[in-house]
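What follows draws every value from the coordinates through simple rules; no lab data is involved. Quick caveat, the model's predicted, so the values are computed rather than measured.
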Amino acid sequence: MISTKLVIKAILPLAAVVLLLAGIVLLRAESPSAGAVFIALAMIGLIVGLRLITNSPFTSEELEALRPFMMQAILWIAVVTLCLIAVLNVADN
């Protein structure tokens, strides 16, 4: 069973990177207010996520519990990042 704190600690920094990319896409698509909100949320998420990891590092048991989900998470992060890059290139033209 995976605890909620473990999921938040593992997902929050990764979600912050995706929010940052979305904010950059929105800024380049000339939507400054939405882009600024996404970038601010990304900064808050990154700071909170890194503080959680710093205050309570991953234990070997937590890493073993996350192992089955790591490949799926890496795949989804890659897919979302590539979609955001594609949108960025379309919005740039």
Query - Shape of the chain, Cα gyration tensor, a/c cut at 1.5 - result: oblate
Query raised in the report: Roughly what angle does helix 4-28 make with the longest principal axis of the chain, taking Cα atoms, 0 to 90 degrees, to the nearest 10?
Result: 10 degrees
